[in-house]
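Coordinate-derived values only; no laboratory data. Since we're looking at a predicted model, the values are computed, not measured. Quick reminder, even Gly has a Cβ in these numbers, built from the backbone with ideal geometry, and neighbours come from all protein chains shown.
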Amino acid sequence: MKKVKSLFVSVLLVTSYGCKNSGHKSRFSPGQCVVEKQNNYASYVKQSGPIYKIDSDQGKNFKVSIWHNHSWLYQGLKRKNYFKDRKTLVYNGINCPDGRSKASITDKLKGIDL
């Protein structure tokens, strides 16, 4: 009976810990832009990486675009923990380079020259 009780308690603890630390949280949200900076170089070298825009929340993933040649290119789905700081990469929120990250679709269409 003790073994069954200890097994039940251990399973309960493991499942409750797993639910709290699901890994599906991020400090960034849809509509926000994030720059990737590399830390593996000497401090006098400024090394900026790509700029990502989080388009939408897809549950466990973010739908992400990347800034390239003055336009956004669809990058695909990235797990929410992708933008977690690592030993060599740090992610910081920035203003989007196009200045229209929160603009409505009608405002974006008005900005297109035909």
key: Single residue of segment 65-77 satisfying the filter (exposed (fewer than 12 other Cβ atoms within 10 Å of the Cβ) and hydroxyl-bearing (Ser, Thr, Tyr)) that is nearest to the chain's Cα centre (by Cα)   = Tyr74
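For residues in segment 78-91 being of a type outside the set (Phe, Trp, Tyr) and under 10 Å from the mean Cα position of the chain (by Cα), which is nearest to Val34 (Cα to Cα)?
My answer is Lys84.
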Residue tally, condition in a strand (DSSP E or B), out of contact with any strand residue (DSSP E or B) (no Cβ under 7 Å at 6 or more places or on another chain) and closer than 16 Å to Ser29 by Cα, over segment 54-92 = 1
